[in-house]
Amino acid sequence: MGTFLAEYYLWTKSLHVISVLAWMAGLFYLPRLFVYHAEVVKTGTDTDALFQTMERRLLRAIMNPAAISTWIFGLALVFTPGIVDWSMLWPWTKAGSVVAMTAFHMWLAARRKEFAAGTNTRPGRTYRMMNELPTLLMLVIVFSAVAKWNFWEF
C-alpha cells in the first residue's frame with residue numbers, strides 16, 4: 001500500500017488541494033447566505049424557500065462531498081511513507097485545525113436544519129462573526145502544512 005501511495009503522491013496531493021478549495025468555498029459562502037437569510041428573509045415566503053434550496057444544495061452537493069474527499073485524500077497523504085513526521089508539532093496543529101474545520105462544517109449543517117424548520121433564532125451578526133472562523137483555521141492549516149511552522153515556537 002505504501003508503494004502505491006508513494007507512486008501516486010502528486011495525484012493524491014493535487015486531488016486533496018482541489019477538494020480543500022471546493023470545501024473552503026462552501027465554508028465561506030454558506031455562513032454568508034445565513035447572514036442574508038437571517039437579516040432579510042421572512043419565514044414562509046418564496047424567498048425563504050429559495051434560500052433554503054440554495055443552502056441545502058450548497059451543503060449536500062458541494063460541501064459534503066468536498067469535505068469527504070478532503071479527508072480521504074488527506075488521510076492518503078498521511079499514510080504515504082515519508083510525508084508526515086508525527087514527532088514534529090506541525091502535523092498535530094494541522095490535524096487539530098482540520099478537526100475544528102469539520103466541527104464548524106457540522107455546526108453549519110445544524111444551522112441549515114434550523115432555517116429549514118423555520119426555527120433559526122440567531123441574528124445575522126452571529127453568522128457574520130462565525131464566517132471568520134474558517135479563515136483563521138485555514139491560516140493555521142496552511143502555515144502548518146506548507147511552512148511546517150510550529151505556532152508555539154513563534
Checklist outcome for this item: Filtering segment 54-78 for residues that are among the small types (Gly, Ala, Ser) and under 14 Å from residue 25 (Cα atoms) leaves a count of 3
Checklist entry - If a residue has to be assigned to a helix (DSSP H, G or I), of a type in the set (D, E, K, R) and either within 21 Å of residue 39 (Cα to Cα) or without any contact (Cβ under 8 Å) to a residue 40 or more places away in the chain (or both) to count, how many in segment 81-136 make the cut? => result 6
Checklist entry - Looking at 140, 78, 41, 84, which one is in contact with an Asp or Glu (Cβ under 7 Å, 6 or more places away or on another chain) and either of a type in the set (A, V, I, L, M, F, W, C) or at pLDDT 95 or above (or both)? => result 41
Next on the checklist: Which count do you get for residues in segment 1-22 that are of a type in the set (A, V, I, L, M, F, W, C), in contact (Cβ under 8 Å) with a residue 60 or more places away in the chain and part of a helix (DSSP H, G or I)?
Outcome noted: 2
Checklist outcome for this item: With criteria (1) more than 23 Å from residue 17 (Cα to Cα); (2) in a helix (DSSP H, G or I); (3) without any contact (Cβ under 8 Å) to a residue 40 or more places away in the chain, residue 55 comes up short on (3)
Next on the checklist: For segment 112-152, give me the residue count where each residue is of a type in the set (Asp, Glu) and surrounded by 13 or more Cβ atoms within 10 Å (Cβ to Cβ).
Outcome noted: 1
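The values are calculated or read from the model by the stated rules, or taken from the named source; none is laboratory data. As the structure is a prediction and not an experimental result, all values here were calculated from the model. Glycine also receives a Cβ, built like all others from the backbone with ideal geometry; neighbour counts cover every protein chain displayed.
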